[in-house]
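Let me begin by presenting the structure, written as structure tokens, before commenting on it.
The values are calculated or read from the model by the stated rules, or taken from the named source; none is laboratory data. This one's a predicted model, so the numbers in the text were calculated from it and none came from an experiment. A quick note on method: Cβ atoms are made from the backbone with ideal geometry, for glycine too, and the neighbour counts reach across all protein chains shown. Side chains included, ligands, DNA and RNA excluded: accessible areas come from the protein's heavy atoms. Shrake-Rupley method; radii C 1.70, N 1.55, O 1.52, S 1.80 Å.
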Amino acid sequence: MAKQVVVFAETKNGSLRNVSLEVLEAARRVNDGGLITAVIIGSQPEALADSLAVYGANEVVFIENEILNTYTTDGYTQAFTTIIEDKNPDIILMPHTALGKDFAPRVAARLGCGLITDCTDVEISEGHIVFTRPIYAGKAFQRRVVSHDKIFATIRPNNIPCSKMDHHEAPKKIQKTLNLDEIRTTVKEVIQKTTDGVDLSEAKIIVAGGRGVKSTAGFEPLKELAQVIGAAVGASRGACDAEYCDYALQIGQTGKVVTPDLYIACGISGAIQHLAGMSNSKIIVAINKDPEAPIFDIADYGIVGDLFEVIPLLTKQFKQV
Ligand code: FAD
């Protein structure tokens, strides 16, 4: 039976985040011919609607209000909840990003429905919509069927490959100006942390360093390799705790969860808390001088050696490609 789906389309600096297209792909898997509505919050270019249509959106709702130009939990919660109450969809899908993690639970609470978080896959099986999500810090996966008549889920970035529609029509564009009267937070100023290079959470390749890099300067060969192969730089908590790099780079249970095509772990032992953030990477390469390091248990390719010798060799080779 056709299902109406509402998707939260997340943007960054006026562009759609790739995960928004992946969430649309998830919507196409479950809508069974029903309407897919993408919701964009804040003042954003209207041209985004056409990009969303290419990936499956039939209509795009732009919610405008000056107060929504900067993210606040209560502003976005109120705005998105209002649209859902108005549309009354069967399924709501959002990216499992910092924003999604922050305001999806509040929207679910307001709607009085459950929330299935951090899904890595969704499919229709025997007439049911089945979500797959990691449990026990990524050691196992569970498949969940939601019995509630409103299904609400968040989708982990970089897990559902998105594809363009063969044919699509121009989307219906709807501008909404909301009266948001319950906002308790106003943002006075945003001080952006400057990070070099590729955004970690959406990177296709990550070069990550652990305590084995030994110092802040020890990250330099990793940064050079990353720059040559178009990768983002990440880190273990060991490296962050030792103040070799910023906590913004931390990957793992209490850091970022990443799913790149290629993850190069350098001087990282492979503690379970680190694996929780990266074990779903498509190909894992480990460089460690200890052949017994647990990271080799999950690595597709292992190099036993000193990272300060191995990484410059890799960089040199990649420069020649
Ligand atoms: P180590 O375990 O010290 O490993 C360093 C590795 O570098 C060793 O294997 C060594 O052989 C190798 N090495 C040393 N020198 C070289 C060299 N020259 N060349 C090559 N290899 C070399 N950790 C995370 O990463 N992310 C998290 O989100 C996270 N959350 C946590 C949450 C909780 C509640 C707790 C209790 C812990 C958490 N941890 C997390 C910490 C985790 O348990 C480990 O302590 C941490 O991952 C270890 O970091 P590491 O692998 O860099 O360091």
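Where in the range 93-113 is the amide nitrogen less than 16 Å from a point lying 7 Å along the Cα-to-Cβ axis of K12?
In the range 93-113, the label zone of K12 (backbone N under 16 Å from the point 7 Å along Cα→Cβ) covers 95-102.
Using label points projected 7 Å from each Cα along Cα→Cβ, tell me how many nm separate V228 and Q273, to one decimal.
Distance between label points: 3.3 nm.
F80: accessible area at probe 1.4 Å, nearest 10 Å²?
Per-residue accessible area (F80): approximately 0 Å².
Taking the Cα of H148, stepping 7 Å toward and past its beta carbon, and measuring to each backbone N in the range 103-128: which are under 18 Å?
103-120
I'd like the carbon and sulfur percentage of the solvent accessible area for the chain, probe radius 1.4 Å, heavy atoms only, ligands and nucleic acids excluded.
The nonpolar share, carbon plus sulfur, comes to 48 percent.
Tell me, how many Å apart are the Cα centres for the range 114-190 and for the range 34-59?
15 Å
May I ask for the equivalent-ellipsoid semi-axes of the range 109-199, computed as the square root of five times each C-alpha gyration tensor eigenvalue and listed largest first in whole Å?
Working from the Cα gyration tensor, I get semi-axes of 29, 22, 21 Å.
Let me check I've understood the local charge: for K164, count other residues with C-beta under 14 angstrom from its C-beta, Lys and Arg +1, Asp and Glu -1. What total comes out?
The answer is -4.
Mean projection of the alpha-carbon convex hull of the range 65-216 over all orientations, in nm²?
Across all orientations, the range 65-216 yields a mean hull projection of 14.0 nm².
Please identify the GluC sites (Glu not before Pro) of the range 197-252 that satisfy two criteria: DSSP loop assignment and at most 15 other Cβ atoms within 10 Å. Which are they?
Sparse-neighbourhood loop GluC sites (Glu not before Pro): E243.
Sorted by average packing, counted as other Cβ atoms within 10 angstrom per residue and highest first, what order do 300-309, 135-144 take?
300-309, 135-144
From the protein chains alone at 1.4 Å, what is the descending order of accessible area for L68, L16, largest first?
L16, L68
Could you provide, to the nearest whole Å², the per residue accessible area of the chain with probe 1.4 Å?
I get 49 Å² per residue for this part.
Any idea how far apart D300 and I183 come out in nm if each label point goes 7 Å out from Cα toward Cβ?
4.5 nm
Relative to the Cα centre, what is the charge dipole magnitude of the range 158-289, using +1 at the beta carbon of each Lys and Arg, -1 at the beta carbon of each Asp and Glu, and rounding to the nearest 20 debye?
Roughly 180 debye for the range 158-289.
For the range 82-140, run through the GluC sites (Glu not before Pro) and keep only the ones in DSSP coil with at most 12 other Cβ atoms within 10 Å of their Cβ.
E126
Just how many % of Cα pairs in the chain lie over 33 Å apart, if you round to the nearest whole percent?
Value for the chain (Cα pairs over 33 Å): 32 percent.
Counting only protein chains, not ligands or nucleic acids, how are T186, T154 ordered by accessible area (probe 1.4 Å), most first?
T186, T154
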